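A.B. asks: Can you read through this structure? Questions will come right after.
The values are calculated or read from the model by the stated rules, or taken from the named source; none is laboratory data. Bear in mind the structure is a predicted one, so any value in this text is a computation, not a measurement. Note that we place each Cβ from the backbone using ideal geometry, even for glycine, and neighbour counts take in every protein chain shown. These accessible areas exclude ligands, DNA and RNA; they are computed on the full protein's heavy atoms, side chains included. Shrake-Rupley method; radii C 1.70, N 1.55, O 1.52, S 1.80 Å.
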Amino acid sequence: MFVLVVLRDTLKIEPAEFRKTREQALKDEINKKYANRVLHDVGLCMLIHDLLKIDEGFVQHSEGWIWVKVEFRMIVFRPFRDEVLVGRVRSASPAGIEVSMGFFDDISIPANQMPMGSEFDGSEGVWVWRYEGNELFMDLEEPIRFRVLNTVFLDVSPPRPVVGDVDSVPASHPPPFSLIGTVADDGLGLLSWWE
């Protein structure tokens, strides 16, 4: 679920940060720049783990801050295929359910990945698994165990609007990183089903 990734960057330390140690100022700058950001084909950056290499800093002509080349390890959320995770049912629709892990919300379980015998109950607004004469509801906010089928990365660079066309920029963007899961295997689904 979490991996360590080695990254390199050139960061600036502003004069207000000079009172800190160089290592602490760099860690703060790395966390400010990378924490809670998705790196394409890498994953969701969580927190700096450690600094591996710090080059000498340099000051550009007419600038007051120091630029430092640094190599560091970052803790990144990137589940692997077939990994089993636990989240909470966030929403349900005929297309499937959306799951949240608290810190990550872009998890979808499509309708074709529900247990055999499941159907969406429009009056309740939840999915129901009918198994051996029992109706097992997938209520909202209930803990759910799912298996990762796929990780999806999208390049969400800002679109270039057509000059003079106000409607050319979409109002919302798809998430840059999302997971597709399944609950169609034994032991998967709401935790309460297997207690």
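A.B. asks: Which members of the range 94-110 meet the condition of being among the polar types (S, T, N, Q) and open to solvent by less than 30 Å² (accessible area, probe 1.4 Å)?
C.D. replies: Ser100
A.B. asks: Tell me which residues, restricted to the range 1-43, are basic (Lys, Arg) and more than 20 Å from Gly64 (Cβ to Cβ).
C.D. replies: Arg8, Lys27, Arg37
A.B. asks: Can you list residue pairs whose Cβ atoms sit under 9 Å apart, with the first residue in the range 1-25 being without any contact (Cβ under 8 Å) to a residue 60 or more places away in the chain and the second being part of a strand (DSSP E or B) and of a type in the set (D, E, K, R)? Count only pairs 6 or more apart in sequence or on different chains.
C.D. replies: Leu11/Lys69
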